[in-house]
Amino acid sequence: IRLLFLATTPPLSWSVFDVRPADEPVLDNSSLRVSETQLENEYYRVTINEGGDVASIVDRTANDRELLASPARLVFTHEKPQNWPAWNMDWADREKPPIDAVAGTPKVRIIERGPVRVALEVERRARDSIIRQHIRLATGDPGRRLEFATEIDWQSTECALKASIPLTVSNSKATYNWGLGTIERDNNEPKK
């Protein structure tokens with residue numbers, strides 16, 4: 001049995017939870033909805049297009065504001081660095097436009113339809129690689145973010161896969177996670 005529940009834990013602490021049978025559902029959240037083309041919670045309405053891309057993210061808490069300028073896509077960029085090709089990326093390659101996008105007919109299926117979270121699985125093939133994404137929305141505070149869990153059977157050569165998410169807003173700074181903490185710095189620069 002696999003269980004998913006909302007847990008509240010204080011920072012720098014631990015909590016114990018147990019599972020008990022109930023006569024009625026403990027949580028009934030009518031804001032969670034899922035179909036093969038849409039996920040929705042109290043914060044967002046996310047639409048998937050016929051190619052498997054996220055075509056729209058509507059912020060329901062901001063007067064139904066559209067957050068995407070165009071569909072969020074997975075794109076391939078040219079990748080043949082001068083030094084250390086196993087881990088290095090050259091800035092000259094980053095400045096070039098994508099060479100291809102993940103396209104074609106996707107396999108889409110609903111994989112979660114619960115009272116805590118809904119999820120779609122989108123599987124596509126491109127450039128000899130298989131890309132499987134789980135797109136998830138939860139309820140409550142975890143629902144303030146759209147989650148992507150991506151598994152890739154990578155068989156593509158001389159390219160990298162990049163998530164292109166053209167937003168209707170911009171910011172010259174980004175917060176990066178370093179495992180032990182975060183750092184805010186400029187984005188889209190040669191050394192960073």
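The values are calculated or read from the model by the stated rules, or taken from the named source; none is laboratory data. Bear in mind the structure is a predicted one, so any value in this text is a computation, not a measurement. For neighbour counting, all protein chains shown are included, and Cβ atoms are generated from backbone atoms with ideal geometry for every residue, glycine included. These accessible areas exclude ligands, DNA and RNA; they are computed on the full protein's heavy atoms, side chains included. Shrake-Rupley method; radii C 1.70, N 1.55, O 1.52, S 1.80 Å.
In whole Å, what are the Cα extents of the chain along the three principal axes, biggest one first?
So the extents along the principal axes, rounded to whole Å, are 63, 42, 38.
Net charge near residue 34: determine it from the other residues with C-beta under 9 Å of the C-beta of residue 34, scoring Lys and Arg +1 and Asp and Glu -1.
Computed value for this residue: -1.
PRE reach from residue 80 (point 7 Å along Cα→Cβ): which of the stretch 154-189 fall under 15 Å by backbone N?
Of the residues in the stretch 154-189, 157-160 have backbone N under 15 Å from the label point off residue 80.
Out of the stretch 23-92, which trypsin sites (Lys or Arg not before Pro) are coil in DSSP terms and have no more than 15 other C-beta atoms within 10 Å?
Within the stretch 23-92, the qualifying trypsin sites (Lys or Arg not before Pro) (loop, at most 15 other Cβ atoms within 10 Å) are 60.
What longest region of the chain stays clear of GluC sites (Glu not before Pro) that DSSP places outside H, G, I, E and B and that have at most 13 other Cβ atoms within 10 Å?
Between the exposed loop sites, the longest stretch runs 51-157.
Taking the chain as a Gaussian network, Cα atoms linked when under 10 Å apart, which of 160, 72, 119 shows the biggest mean-square fluctuation?
Of 160, 72, 119, the most mobile in the Gaussian network model is 160.
Report, in deg cm²/dmol and to the nearest 500, the calculated mean residue ellipticity at 222 nm for the chain, where each DSSP H run with n ≥ 4 adds -39500 (n - 2.57) and the sum is divided by the residue count. Walk me through the numbers on the way to the answer.
Working: 1 runs with 5 residues, N = 192.
It comes out at -500 deg cm²/dmol, rounded to the nearest 500.
For 185, 124, write out the residues from largest to smallest accessible area, computed with a 1.4 angstrom probe and no ligands counted.
185, 124
Can you pull the accessible area of residue 90 for me, 1.4 Å probe, Å² to the nearest 10?
30
Describe numerically, in nm with one decimal, the distance between label points set 7 Å from Cα along Cα→Cβ at residue 177 and at residue 151.
2.0
Springs between alpha-carbon atoms under 10 Å, Gaussian network over the chain: tell me which of 37, 47, 175 tops the mean-square fluctuations.
Ranking 37, 47, 175 by mean-square fluctuation puts 175 first.
What is the extension gain from residue 144 to residue 158, computed as 0.36 nm multiplied by their sequence separation minus the C-alpha to C-alpha distance, in nm to one decimal?
1.4 nm
Taking all protein chains in place and a 1.4 Å probe, what share, in percent, of the accessible surface of the chain do carbon and sulfur account for?
Answer for the chain is 50 percent, counting heavy atoms of protein chains only.
Tell me, what ³J(HN,Hα) does each residue in the stretch 71-81 have, in order and in whole Hz, if you take phi through Karplus 6.51 cos²θ - 1.76 cosθ + 1.60 with θ = phi - 60° and put x for Gly and Pro?
Each residue of the stretch 71-81 in turn: x, 7, 10, 9, 10, 9, 10, 5, 9, 8, x Hz.
For residue 38, enumerate residues with amide H under 5 Å from its amide H, sequence gap 5+ or separate chain, H modeled in the peptide plane.
48
Give, as a single signed number, the net charge of other residues whose beta carbon lies under 10 Å from the beta carbon of residue 105, with Lys and Arg counted +1 and Asp and Glu -1.
Net charge in that neighbourhood comes out at +2.
Stokes-Einstein diffusion coefficient for the stretch 1-40 at 20 °C in a medium of 1.002 mPa s, Rh from the Kirkwood formula over Cα pairs: what value in µm²/s?
157
Give the range of the longest stretch in the chain that excludes all chymotrypsin sites (Phe, Trp or Tyr not before Pro) found in loop regions by DSSP and having at most 16 other beta-carbon atoms within 10 Å.
18-86
Working with all protein chains in place, sort 102, 19 by solvent-accessible area computed with a 1.4 Å probe, largest first. Don't skip to the answer; put the middle values down first.
Values: 102 0, 19 110 Å².
The ranking, largest first, comes out as 19, 102.
Compare 32, 137, 67 in a GNM of the chain, Cα atoms joined below 10 Å, and give the one with the largest fluctuation.
Among 32, 137, 67, the largest mean-square fluctuation in the Gaussian network model of the chain belongs to 67.
May I ask you to compute the full-extension gain from residue 37 to residue 18, defined as 0.36 nm times their residue separation minus their alpha-carbon distance, rounded to one decimal in nm?
3.3 nm
Calculate, for the stretch 1-133, the solvent-accessible area per residue in square angstrom, rolling a 1.4 angstrom probe over the heavy atoms of the protein chains. All intermediate terms of the calculation are to be shown ahead of the outcome.
Details: 9040 Å² over 133 residues.
Counting only protein heavy atoms, the per-residue value for the stretch 1-133 is 68 Å².
Solvent-accessible area of residue 167, probe 1.4 Å, all protein chains present, reported in Å² to the nearest ten, please.
Here the residue's solvent-accessible area equals roughly 90 Å².
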